[in-house]
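Each remark here refers to the structure printed beneath this line.
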Amino acid sequence: GTIAWMSVIKAGNETAAAQSVDNVRKFEAQYASRTRGNFASFDELIAKVSLDEKFKGERPVVNGYIFTLTVEPSSAAKPSSYSITADPQVSEGTTATGTRHFYTDSSLSTIKGTDENRPAKADDPSI
């Protein structure tokens, strides 16, 4: 049935979301290496380092997940930094697009994840 199919879709969305977070992390590193440590928005990553066009805009929705990228520009006090979250569009019920939430930022070398119904954060376990 449909429920089994929905769980296959959901698992695929979750895997794709985690991979997308990892890809953005790699693209941010490439961008930073060219801009003396500055990080970029989704649109700048699309223009400069070939991030997929489907990530255009402030909060793109890709494969049932909403992606949010927050970039802090560098200041005299601290270097530029970023964080990215991936949260399911629908996180509960039979129409859920995913139940896992993902997070990484410029200080981490891994992706964090949670099964709790809330955005993931830096102190969640690595996936």
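Of note:
- Choice from Ser81, Ser91, Ser33 with maximal GNM fluctuation in the chain (Cα, 10 Å cutoff): Ser33
- Sparse-neighbour loop sites [trypsin sites (Lys or Arg not before Pro); segment 1-38; at most 12 other C-beta within 10 Å; DSSP]: Arg36
- The simple spin-label model puts a point 7 Å past each Cα toward its Cβ; for Ser75 and Asn38 those points are separated by 1.7 nm.
- Net charge contributed by nearby residues that have their C-beta within less than 9 Å of Gly98 (K/R +1, D/E -1): 0
- Using Cβ point charges alone (K and R +1, D and E -1), the dipole size of the chain about the Cα centre works out to roughly 300 debye.
- Only helices enter the 222 nm calculation for the chain: every DSSP H run of n ≥ 4 contributes -39,500 (n - 2.57), and dividing by all residues gives -11000 deg cm²/dmol, rounded to 500.
- Cβ-Cβ FRET estimate between Ile9 and Gln30, R0 fixed at 35 Å, reported to 0.05: 0.70
- Gaussian network model of the chain, Cα within-10 Å springs - most flexible of Ala29, Ala86, Ala76: Ala76
- A DSSP coil position with no more than 14 other Cβ atoms inside 10 Å describes the following trypsin sites (Lys or Arg not before Pro) in segment 97-127: Lys121.
- Across the accessible surface of the chain, with the other protein chains kept in place and a 1.4 Å probe, carbon and sulfur atoms take up 53 percent.
- Range in the chain, longest, excluding exposed GluC sites (Glu not before Pro) [loop by DSSP; at most 16 other beta-carbon atoms within 10 Å]: 1-57
- Each label was represented as a point 7 Å from its Cα along the Cα-to-Cβ direction; for Lys121 and Asn23 these points are 2.9 nm apart.
- The chain - percent relative contact order, Cα under 8 Å, separation 6 or more: 20 percent
The values are calculated or read from the model by the stated rules, or taken from the named source; none is laboratory data. Given the structure is predicted, the values throughout are model-derived calculations rather than measurements. Please note: Cβ atoms are built from the backbone with ideal geometry, for glycine as well, and neighbour counts cover all protein chains shown. Keep in mind that these areas ignore ligands, DNA and RNA; they rest on the heavy atoms of the full protein, side chains included. Shrake-Rupley method; radii C 1.70, N 1.55, O 1.52, S 1.80 Å.
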